[in-house]
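Since the structure comes first, as structure tokens, the remarks are kept for the end.
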Amino acid sequence: MDARSAALVRANFRSVLESPGGAERLISAFYGHLFAENPRLRELFPPAMQMQAKRMVTAIQYMLDHLEDWERAQKFLEQLARDHRKFGVLPSHYDAAGRALLAACRSYHGPNWNRSLDEGWRDITILISASMAIGANSDKSPPSWEATVVGHRRVLEDLAIVRLQSEEPVPYQAGQYVPIVIPQRPKLWRYLSPAIPANPYGEVEFHVRKIRGGWVSPAIVNETKVGDKWMIASPLGGLHIDRDTDRDVLLIGAGTGIAPLRAQLIEMGRRGINPRVHFFIGGRYPCDLYDVENMWQLSQSNPWLTIVPVCEQKTNPWWYPHPPADAPYGMHRTLIGNLGAVVASFGAWADRQIQVAGSARMIADTRRALIAVGTPEWNISSDPV
Ligand SMILES: Cc1cc2nc3c(=O)[nH]c(=O)nc-3n(C[C@H](O)[C@H](O)[C@H](O)COP(=O)(O)OP(=O)(O)OC[C@H]3O[C@@H](n4cnc5c(N)ncnc54)[C@H](O)[C@@H]3O)c2cc1C
């Protein structure tokens, strides 16, 4: 695609985003065209489509931003297509999706549509549908696995540890995340990060925090029972420790964001030689550090690992009426303050490979704090939020 055409399509998409309600209208026209041509596709998607629409806008924007770095855009689209296998979307559906997007652009712009825009968007939609079909075709594993809940422990009022076992092991790498769906909320897929590495027995553990007003997380924390059948779909994401460099590691996790970091550490514990790792575990209150002792225990038999607890408050909140637990003898004392600010107060950690995991806000704050003290941005990895 030539530079002029790319600039034209980008400017056109920007005009949609800048117009109030524009993105919603375009995406709703897209699904309108798609479902009109393929009525059975509608059954594959959840009843509420707002989240899908938001994701689709983000995906189109990402792709338009990376037209000059197509390998990256293609990887992203391939991953997106693998993720859509959980809905039952087939490679052949991507042609229809490409046509529906072009038709949506035409109908959205009406009389303002012209031949150059049509050619530009047609090229883009062909690129998108071809890349997604390649992604969907390339994954030969099952689109999802059934797993049975074998344990549900509520460690805090709003946080549960759920253990499951699948017949066949789910083939994820420690640090990746997986889409899950629970029987209490059919079709509402959400991402969770396994907190232990994959193993031959098919055991998986998730740490789940209840989000107020959320559809799925309160049901996981409040209603999950032993024997429930969950579906787990193909793993995604690429958080990992790069063993091809001699750089040591800095891990920063808050709340249930520790899960993908914990899985990697447990996996490292099975190896003989590892880089040095500093793991800062943060929370708002002392009770939020629900797993810090387990991680400290792991460090006792793995001298390459240092655990540093960080809390914003010294005491527990009124709804958790217990004094903070005494730290085991030898554990680093809890540092008080904002997690990112505390980590950055030690310097730029410029010689480390850094992973940050937690809420979107925590990741953004921590990145900002590190970059402000001179950490190179490319050193910092995190999952999309
Ligand atoms: C890569 C990745 C890995 C994840 N891993 C885990 C994990 O291991 N454990 C875990 O508990 N969660 C994890 N999540 C979050 C999880 O996927 C859900 O988003 C979360 O459980 C809320 O789902 P819900 O259905 O309850 O809320 P929804 O019904 O989806 O959302 C309800 C409202 O809450 C807001 N909201 C959604 N999530 C958050 C949040 N985190 N903080 C504040 N507001 C929010 C929404 O914007 C919306 O307004 C992960 C998310 C991603 C992207």
Per-residue Cβ contact counts at 10 Å, fewest first, order Arg185, Arg262 as Arg185, Arg262
Test of understanding: extend the Cα→C-beta vector of Arg284 to 7 Å, then name every residue of segment 204-225 with backbone N under 11 Å from that spot.
212
Extension gain, Arg270 back to Arg361 (0.36 nm per residue minus Cα-Cα distance, nm):
29.5 nm
Angle between the Cα long axis of helix 259-269 and the longest principal axis of the chain, 0 to 90 degrees, nearest 10?
60 degrees
Which log10 I(q)/I(0) values does segment 248-381 give at q = 0.10, 0.11 Å⁻¹ under the Debye formula, counting every alpha carbon as one identical point scatterer?
-0.30, -0.37
Take the Cα atoms of segment 144-233, build their convex hull, and give its volume per residue in Å³.
82 Å³
For Asp2 paired with Asn38, estimate the spin-label separation in nm (one decimal), with each label point 7 Å from Cα along the Cα-to-Cβ line.
3.3 nm
Please determine, in degrees from 0 to 90 and to the nearest 10, the orientation of helix 22-37 with respect to the longest principal axis defined by the Cα atoms of the chain, where the helix direction is its Cα long axis.
70 degrees
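Can you give the Kirkwood hydrodynamic radius of segment 5-85 from its Cα pairs, in Å with one decimal?
Values: mean 1/r = 0.0715 Å⁻¹.
That comes to 14.0 Å for segment 5-85.
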Suppose we keep just the DSSP beta bridges with both residues in the chain; what percent of those would be antiparallel, to 5?
55 percent
Could you compute Rg(Cα) / (2.2 N^0.38 Å) for segment 3-138, with N its residue count?
0.99
log₁₀ I(q)/I(0) of the chain at q = 0.10 Å⁻¹, via Debye over equal Cα point scatterers, no solvent, to two decimals?
-0.75
Loop-only check: which trypsin sites (Lys or Arg not before Pro) in segment 299-385 are DSSP coil with at most 15 other Cβ within 10 angstrom?
Lys314, Arg333
Nearest 0.05, what FRET efficiency do Asn112 and Ala325 give at R0 = 41 Å with Cβ-Cβ as r?
0.05
On a full-extension model of 0.36 nm per residue, what is the gain between Asp351 and Tyr62, subtracting their alpha-carbon distance, rounded to one decimal in nm?
101.1 nm
Sequence of Glu78, Glu43 once ranked by neighbouring C-beta atoms within 10 Å, starting from the fewest:
Glu43, Glu78
Fewest to most Cβ atoms within 10 Å: Val277, Val308 sort as Val308, Val277
Modelled label-to-label distance, Met51 and Trp215, 7 Å Cα→beta-carbon offset: nm?
0.6 nm
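A short reminder: the numbers here are calculations on the coordinates, not readings from a lab. Keep in mind the model is a prediction, meaning the values are calculated, not measured. As a convention, Cβ positions derive from the backbone with ideal geometry for all residues, glycine included, and neighbour counts pool all protein chains shown.
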